[in-house]
Amino acid sequence: MPSSPRAPRKAAAKSPPRKPAKLPADKFAQRRSELAQATLATLAELGYARTSLREIAQNSEYSHGVLHYYFVDKLDLISCSIREYKRHCATRYDDVIANARTVDALASGFLARLGETLQKDARVHSLWYDLRSQALFEGFLREDVAEIDLLLQDMVWRVVSCYAGFCKKPLRVTPEVAYALLDGLFQRALLQQVSGQASAAKDLQKQVKDVMPLLLG
């Protein structure tokens with residue numbers, strides 16, 4: 001008896017092409033943070049105007065492809081880097097406040113740390129002021145800059161509030177005014193520091209020491 005014709009064999013369904021595995025959001029953010037911190041020195045050396053992801057890659061251990069995967073462009077990387085640094089910087093004086101037992105100890109600790117960061121971290125501070133200026137023209141930077149400014153304002157306010165507490169006097173200024181005053185003195189001293197003026201740190205310390213009592217009522 002002739003065998004019945006076999007049903008045509010169905011072609012095996014093709015598996016859809018695999019997409020590259022994406023890192024979990026927290027791992028992705030962590031890696032961005034690590035890269036931002038690692039490339040901060042390069043960013044500070046090159047400055048805003050001369051920086052591109054390719055140039056950063058050429059001056060660091062990371063490839064252009066790696067940086068481009070984690071950051072949209074140089075502004076994304078710069079913004080992330082300066083945010084990482086400033087978050088750390090915003091707690092710079094917390095141990096000085098915690099350990100101070102007298103107004104003199106607070107003032108001397110604060111002024112010493114202020115002069116130290118002016119000298120050691122001048123390039124990174126310069127990058128911050130550069131980025132803050134760019135926020136006047138680059139709208140997408142403004143939110144980050146405002147966030148960082150608030151962190152630094154709170155940092156200054158913690159110091160001057162502790163100072164007022166030791167002196168047992170009220171503060172006669174708002175947090176905004178206290179920050180603007182000390183930040184203005186610091187930015188001016190920074191310009192002197194990067195211009196090679198040897199007395200920049202000592203001059204800043206004297207100016208801040210003289211102005212602190214004027215903040216009190």
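The values are calculated or read from the model by the stated rules, or taken from the named source; none is laboratory data. Please read these numbers as outputs of a predicted model, since none were measured by experiment. Here the Cβ positions follow ideal geometry from the backbone for every residue, glycine too, while neighbour counts run over all protein chains shown. Surface accessibility is based on the protein's heavy atoms, side chains included, excluding ligands, DNA and RNA. Shrake-Rupley method; radii C 1.70, N 1.55, O 1.52, S 1.80 Å.
Here the condition is being touching a Ser or Thr at 6+ places or on another chain (Cβ under 9 Å) and not hydrophobic (A, V, I, L, M, F, W, C); of 92, 123, 113, it holds for 92 alone. Residues of the stretch 130-147 include at least one that is farther than 16 Å from residue 91 by Cα, open to solvent by less than 50 Å² (accessible area, probe 1.4 Å) and not in a helix (DSSP H, G or I). Have a look at 178, 164, 189 and point out the one that is among the small types (Gly, Ala, Ser), within 13 Å of residue 115 (Cβ to Cβ) and assigned to a helix (DSSP H, G or I). Answer to the check: 189. For the stretch 1-72, the helices (runs of 4 or more DSSP H) that sit wholly inside it and include 3 or more residues that are modelled with pLDDT of 80 or more and loosely packed, with under 14 Cβ neighbours inside 10 Å are 25-38. Can you find a residue in the stretch 209-217 that is in a loop (DSSP other than H, G, I, E, B) and open to solvent by 20 Å² or more (accessible area, probe 1.4 Å)? Within the stretch 209-217, one or more residues are in a loop (DSSP other than H, G, I, E, B) and open to solvent by 20 Å² or more (accessible area, probe 1.4 Å). Taking every residue in the stretch 182-201 that is at positive phi and pairing it with any residue that is assigned to a helix (DSSP H, G or I), at least 6 positions away or on another chain, yields no pair with a Cβ-Cβ distance below 6 Å.
Output the residues belonging to the stretch 73-120 that are part of a loop (DSSP other than H, G, I, E, B) and in contact (Cβ under 8 Å) with a residue 24 or more places away in the chain.
Hits for the stretch 73-120 are 90, 91, 92, 93, 100, 102.
The single condition among (1) in contact with a strand residue (DSSP E or B) (Cβ under 7 Å, 6 or more places away or on another chain); (2) under 27 Å from residue 77 (Cα atoms) that residue 193 does not meet is (1).
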